[in-house]
């Protein structure tokens with residue numbers, strides 16, 4: 001099945017802004033991030049179809065996973 005992944009800020013480096021990832025049925029958010037070599041320590045916010053997502057959440061065909069890194073400033 002295909003999952004759309006939108007990456008923000010530093011997570012885009014070397015990966016691009018938006019991509020489609022082909023995964024097995026019942027793939028989790030964690031599995032997708034691992035396949036993209038994204039360390040979970042670098043993830044602050046996960047959204048699945050615009051709603052709060054969890055690492056262990058299973059995804060469905062054509063879901064949109066949005067991934068945001070921690071943001072610092074001062």
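Each label point was placed 7 Å from the Cα along the Cα-to-Cβ direction; for residue 17 and residue 4 their separation is 1.3 nm. When 31, 56 are arranged by Cβ crowding within 10 Å, least crowded first, meaning fewest neighbours, the order is 56, 31.
Look at the alpha carbon pairs under 8 Å that are at least 6 residues apart: their mean separation over the length of the chain gives a relative contact order of 43 percent. Given R₀ = 22 Å, what would the calculated FRET efficiency be for residue 34 paired with residue 64, taking r from the Cβ atoms and rounding to 0.05? Between residue 34 and residue 64 the formula returns 0.75. Look at 54, 6 and count the other Cβ atoms within 10 Å of each Cβ; fewest to most, that gives 54, 6. Within the stretch 2-68, DSSP assigns beta bridges of which about 75% are antiparallel (rounded to the nearest 5).
For a paramagnetic label modelled on residue 25 (point 7 Å from Cα along Cα→Cβ), amide N atoms under 13 Å away belong, within the stretch 1-15, to 1-2.
Quick note: the coordinates plus some simple rules give every number you see, no bench work behind them. None of these values were measured; they are calculated from a predicted model. In this analysis, Cβ positions are derived from the backbone assuming ideal geometry, glycine residues included, and neighbour counts consider all displayed protein chains.
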